[in-house]
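To start, the structure itself, in structure tokens.
The values are calculated or read from the model by the stated rules, or taken from the named source; none is laboratory data. Since this is a predicted model, take the numbers as computed values, not measurements. A quick note on method: Cβ atoms are made from the backbone with ideal geometry, for glycine too, and the neighbour counts reach across all protein chains shown. SASA here: full protein model, heavy atoms, side chains in, ligands and nucleic acids out. Shrake-Rupley method; radii C 1.70, N 1.55, O 1.52, S 1.80 Å.
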Amino acid sequence: MPEEGNSKTRKDPYAPLRYKDFRSYISMRFFFTFAYQMQTTVLGFYVYQLTHKAEYIGYIGLAEVIPAVCVAMFGGYVADKYEKRKMLLWIFAGVFLSSLVMGAVTFSAFSQHITLGWILAVIYAMIFCNGVARAFYGPAVFIVYSNSIPKELYPIAATWSSSSWYMSAILGPLIGGFLYGFSDKIMPGLAGITANFVVIILFMLISLLVVASLRKYPATFIPKDNIWKSLAEGLRFVFKTKMMLYAISLDLFSVLFGGVVALLPIFALDILKVGSEGLGIMRMASSVGAGLTLIVMTRFSPMNKPWRNLLIVVAGFGVSIVGFGLSHIFWLSLLFLFLQGAFDSVSVIIRGTIMQLLTPDEMRGRVSSVNQMFISSSNEFGDFESGMAAKFLGTIPAVLFGGAMTLGVVTFTYFKTRKMLPLGLNDIHLPEKEEPISPPVA
């Protein structure tokens with residue numbers, strides 16, 4: 001293993017990959033995210049094809065976010081208290097089984113014998129179960145990631161971790177969309193969504209096997225108080241750490257109002273008229289922008305003035321959403337989605353590094369659960385908000401409203417956090433007694 005603290009290692013962009021568990025971590029994340037992104041893409045298209053109602057797409061996000069938020073704090077408590085490898089095995093096994101059930105209920109030989117209401121009910125029920133699993137997944141992988149490499153490699157590792165996620169997020173929707181449209185030629189006898197579930201289940205199984213190759217990660221926290229006091233400790237820490245609190249709030253509201261992913265099936269079918277293949281390309285465009293930007297970020301870190309850079313890229317994210325809403329040309333829409341992913345990937349690196357550097361080891365699970373409750377779940381809340389806004393305002397006005405709200409959130413945050421703009425990477429550390437972060441004295 002590389003020598004911890006070696007300055008040459010810290011400058012080596014491949015240093016994190018020399019740690020076996022970090023390689024297993026990004027492999028696990030790649031295969032699982034590939035399957036999950038493919039599943040999310042084709043389910044949204046499938047549900048909209050069946051119903052042609054925007055709100056039913058929104059219900060997909062709502063079904064997942066309700067349990068994810070309600071159980072999130074408990075998931076962090078469990079992740080701190082119990083062994084993480086065993087937790088992940090149970091989590092991945094549960095998501096694997098839910099995919100099997102959804103694959104069965106959407107299989108044409110079976111679905112033609114049940115009503116549309118039952119098909120939707122089973123899909124939403126399985127998505128609800130995935131939301132429960134996600135509440136435990138986030139804190140567990142946060143701890144595995146944190147303990148798989150030395151702390152001085154966190155900024156480099158954040159790029160590799162995000163690159164793995166975005167690469168799978170590129171390939172999953174792309175392959176899912178094309179497989180949905182051309183499955184009869186690629187997999188004769190397995191039409192549409194069924195062909196996708198064959199691939200989804202295979203990749204879920206691979207990710208489960210990769211989890212089994214991890215070493216054990218024992219508890220880092222032995223609770224002295226009851227569960228409610230332990231959970232409150234994690235919340236208090238986040239709210240007392242100013243930079244972390246504002247980073248979470250900024251992401252929460254920008255993703256809540258600025259997300260357009262849930263509405264892409266409507267753009268693919270009704271506005272741009274590009275079908276499932278076009279949907280796959282649109283879902284891919286954002287991830288391509290993110291992936292290419294992450295490659296650039298391995299050489300040009302955004303952490304020289306992280307807070308300033310975070311505000312800039314979230315503002316760029318909002319502008320790209322407005323541009324996408326105004327576009328009626330497919331290639332131009334792809335360009336705005338590309339830019340959206342590019343801006344978002346930089347914010348992911350900055351926020352991820354801030355979270356890792358500011359969180360004590362014994363609180364990683366609980367702090368990660370707070371992060372998941374407000375940030376990770378904002379995607380699904382955003383999907384629900386987008387679906388409802390599209391129902392009442394119309395699809396394009398809903399997108400424009402979301403982009404404008406994102407820009408408003410950035411403006412408000414700028415005026416509230418101007419003192420943090422000069423901070424550099426070396427200024428991001430946890431002060432004694434967990435007091436809020438303050439800028440360096442001139």
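Only residues that are open to solvent by 40 Å² or more (accessible area, probe 1.4 Å), among the aliphatic types (A, V, I, L, M) and within 19 Å of Thr40 (Cα to Cα) were counted in the range 91-115, giving 4. With respect to Ile248, determine if the residue is modelled with pLDDT under 85 and of a type in the set (A, V, I, L, M). In short, yes. Taken together, the residues in the range 23-54 that are among the aliphatic types (A, V, I, L, M) and either farther than 21 Å from Leu279 by Cα or without any contact (Cβ under 8 Å) to a residue 12 or more places away in the chain (or both) amount to 2. Taking each residue of the range 344-358 that is over 9 Å from Pro306 (Cα atoms) and buried (at least 22 other Cβ atoms within 10 Å of the Cβ) and looking for partners that are modelled with pLDDT of 80 or more and among the aromatic types (Phe, Trp, Tyr) with beta-carbon atoms closer than 7 Å, six or more apart or interchain, yields Asp344/Phe317. Hey, any hits in the range 211-222 for a residue that's open to solvent by less than 50 Å² (accessible area, probe 1.4 Å), touching a helix residue (DSSP H, G or I) at 6+ places or on another chain (Cβ under 7 Å), modelled with pLDDT of 70 or more and assigned to a helix (DSSP H, G or I)? Yes, the range 211-222 contains at least one residue that is open to solvent by less than 50 Å² (accessible area, probe 1.4 Å), touching a helix residue (DSSP H, G or I) at 6+ places or on another chain (Cβ under 7 Å), modelled with pLDDT of 70 or more and assigned to a helix (DSSP H, G or I).
Looking for something farther than 25 Å from Tyr59 by Cβ and in a helix (DSSP H, G or I) - is there at least one such residue anywhere in the range 249-268? Yes, the range 249-268 contains at least one residue that is farther than 25 Å from Tyr59 by Cβ and in a helix (DSSP H, G or I). Where residues in the range 321-334 are of a type in the set (A, V, I, L, M, F, W, C) and either in a loop (DSSP other than H, G, I, E, B) or free of Cβ contacts under 8 Å to residues at least 12 places away in the same chain (or both), which of them is least open to solvent (accessible area, probe 1.4 Å)? Within the range 321-334, the match that is least open to solvent (accessible area, probe 1.4 Å) is Leu332.
Take the conditions within 18 Å of Gly408 (Cα to Cα), in a helix (DSSP H, G or I) and not small (Gly, Ala, Ser) and apply them to Arg308. Does it pass? Write out each step before concluding.
Numbers: within 18 Å of Gly408 (Cα to Cα): yes; in a helix (DSSP H, G or I): yes; not small (Gly, Ala, Ser): yes.
Yes.
Within the range 269-287, the set of residues being outside any helix (DSSP H, G or I) and not hydrophobic (A, V, I, L, M, F, W, C) comprises Lys273 only. Scanning the range 281-298 for residues that are more than 18 Å from the chain's Cα centre (by Cα) and either under 12 Å from Ala169 (Cβ atoms) or in contact (Cβ under 8 Å) with a residue 60 or more places away in the chain (or both) turns up Ile281, Ile295, Met297, Thr298.
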